[in-house]
Amino acid sequence: MQASTSEKIVTYSALCISVCALVVSVFEVYNQRLQSKADVWPRIQLALTTNYGYTLSELPGQPLRYDTLPNFSYAFLATNEGVGPALIEDAFLWIDEHPVARWPDFFERLGIDTVNSLSRSRTRDRALAPGKELTFFSVTEPNVVQALRDQQHRISIAMCYASVYGEHWYTRRDLLAASDIEYAECDRCPWPDSLALRAD
């Protein structure tokens, strides 16, 4: 009887040790997965860059003068400030909180008739490495740059993207905001594909 009790104690102890070892192993695997995700965490920052005017230059003994080449530009940029690649899913654009999917419609809503210097890049299904930036819209015509500067309080931009582990985020900001007005992890992009900005 005593031997049987001792055997039970040994058996239960071994079982308890096995369960504890399993729990520790699962916890370690979970922590390793979290660390792996942290090592490839992307973070998209959306920015506006603009220049309006001519570059001033000064020569010794001469008055200030404007350079002959103008410096007019207006551009939307996405920069990956994270530590892992950002897999860009879609970009979005709003004027007065109304979505705009095409650049011609964007200019029309702002009352800009003709744009000859438009440069735009595809954003859907692009990978952006850490520390890299993507200029997905730019213009250099002085009258267009001025019109955009005058109305930029009406414009908002956003981008949905994912990590290599399939985690999803979005970043959204007003152009006049000093930083991103919204940044969050999500199960999926909060805006439908039909509203996504196209490169045409």
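Worth a mention:
- When nucleic acids and ligands are ignored and a 1.4 Å probe is applied, Glu108 ends up with an accessible area of around 130 Å².
- A full extension of the chain between Ser119 and Gln146 corresponds to an added length of 8.0 nm, given 0.36 nm per residue minus the alpha carbon distance.
- In plain terms, the chain from Ala199 to Arg126 could stretch by 25.0 nm, reckoned as 0.36 nm per residue minus the Cα-Cα distance.
- Taking label positions 7 Å along the Cα-Cβ direction at both Val164 and Arg102, the computed distance is 3.8 nm, reported to one decimal.
- Prolate/oblate/rounded call for segment 69-116, Cα gyration tensor, a/c under 1.5 rounded: oblate
- Kirkwood hydrodynamic radius of segment 64-200, from inverse mean 1/r over distinct Cα pairs, in Å: 15.9 Å
- Inter-label distance for Asn71 and Tyr52, nm, one decimal - labels placed 7 Å from Cα along Cα-to-Cβ: 1.6 nm
- Interchain or long-range residues, amide H under 5 Å from Phe137's placed H: Phe76, Ser121
The values are calculated or read from the model by the stated rules, or taken from the named source; none is laboratory data. Note that this is a predicted model, so its numbers are computed, not measured. Glycine gets a Cβ as well: all are built from the backbone with ideal geometry, and neighbour counts include every protein chain shown. Ligands, DNA and RNA are excluded from the accessible area calculation, which covers all protein heavy atoms including side chains. Shrake-Rupley method; radii C 1.70, N 1.55, O 1.52, S 1.80 Å.
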